[in-house]
Amino acid sequence: MTSKSDRGPPAHPDVEIIEAKSGFRRHLGIDVVRFRHRRFDGGWSGERVFDIIRRGGAVAILLYDPERDCVVLIEQFRLAALYAGFSPWQIEAVAGLLDHGGEGAEDVARREAREEADLDTVGALVPIQEFLPASGSLDEKVHLFCGRIDARKADAAGTFGVATEQEDIRLIVKSVAEIETMLDTGAVASAHTLIMLYWLLRHRERLRHQWLS
């Protein structure tokens, strides 16, 4: 079965792919692509060569308890953050890769909530948006959701994650007021987490009315 991250781009009238070859495949892949694209004046660009990092689809879910008005986040080690000059211990929302045996995005979101936080979502998930973390070099498309949970279970001590993937995850329960402070002080650097937290601040009252009525 061909992984989504192994497939080429869909055909587009404004792009001519001259050559695409795999330069590297492991946790991530890199494709070296020779191409031309249409210019705004109607003509065509000269031949260009880009390295495209192949990641495929991903899913992230913001775990929100409307009764206690709090959010459950996770903290885990991220080596790439250290290379970028940040602490390797990053505060994030639950997330995972999409390409797991044909699972849909919502199925992956629910599974990751159980694996990474030992929490089950209640009712339907609320779609937030899809976004590209780095459209200049990365093909990853991330599906964002908000899910209702009961945060009382998250108060229990312990770590979570899939042992075979060496995940070592700690839960963090924060009130919305604390989330606002974290955003103001730059305590959160994760892109998908920032998008979802700012979304929650904008839509929180609607969610509480919808879920608690």
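The values are calculated or read from the model by the stated rules, or taken from the named source; none is laboratory data. The shown structure was predicted, so the numbers you read here are calculated from the model rather than taken from an experiment. Quick reminder, even Gly has a Cβ in these numbers, built from the backbone with ideal geometry, and neighbours come from all protein chains shown.
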Legend entry - Lone unmet requirement of (1) modelled with pLDDT under 95; (2) within 23 Å of R111 (Cβ to Cβ) for G8: (2)
Inset, instruction - Considering only residues that are touching a Lys or Arg at 6+ places or on another chain (Cβ under 7 Å) and closer than 21 Å to I195 by Cβ, look in the range 96-128 and name the one that is surrounded by the fewest Cβ atoms within 10 Å (Cβ to Cβ). - result: T121
Legend entry - Residue count for the range 61-91, restricted to those that are among the hydroxyl-bearing types (S, T, Y) and either over 17 Å from the mean Cα position of the chain (by Cα) or farther than 17 Å from V126 by Cα (or both): 2
Inset, instruction - Can you give me the ranges of the strands (runs of 3 or more DSSP E) entirely in the range 48-95 with at least 2 residues that are buried (at least 21 other Cβ atoms within 10 Å of the Cβ)? - result: 57-65, 70-77
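Residue by residue, here is whether (1) at pLDDT 95 or above; (2) small (G, A, S); (3) in contact with a strand residue (DSSP E or B) (Cβ under 7 Å, 6 or more places away or on another chain) holds:
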{"position": "K21", "(1), (2), (3)": "no, no, yes"}
{"position": "F24", "(1), (2), (3)": "no, no, yes"}
{"position": "G42", "(1), (2), (3)": "yes, yes, no"}
{"position": "P66", "(1), (2), (3)": "yes, no, yes"}
{"position": "V72", "(1), (2), (3)": "yes, no, yes"}
{"position": "A84", "(1), (2), (3)": "yes, yes, no"}
{"position": "W89", "(1), (2), (3)": "yes, no, yes"}
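Pick out the one residue from R148, R206, R170 that is at pLDDT 95 or above and within 21 Å of A117 (Cβ to Cβ).
R148
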Inset, instruction - Identify the single condition in (1) surrounded by 12 or more Cβ atoms within 10 Å (Cβ to Cβ); (2) outside the structural domain of M182 (by TED's automatic domain parsing); (3) within 24 Å of the chain's Cα centre (by Cα) that R36 does not satisfy, given that it satisfies every other one. - result: (3)
Legend entry - Residue in the range 43-63 that is touching an Asp or Glu at 6+ places or on another chain (Cβ under 8 Å) and among the basic types (K, R) present: yes
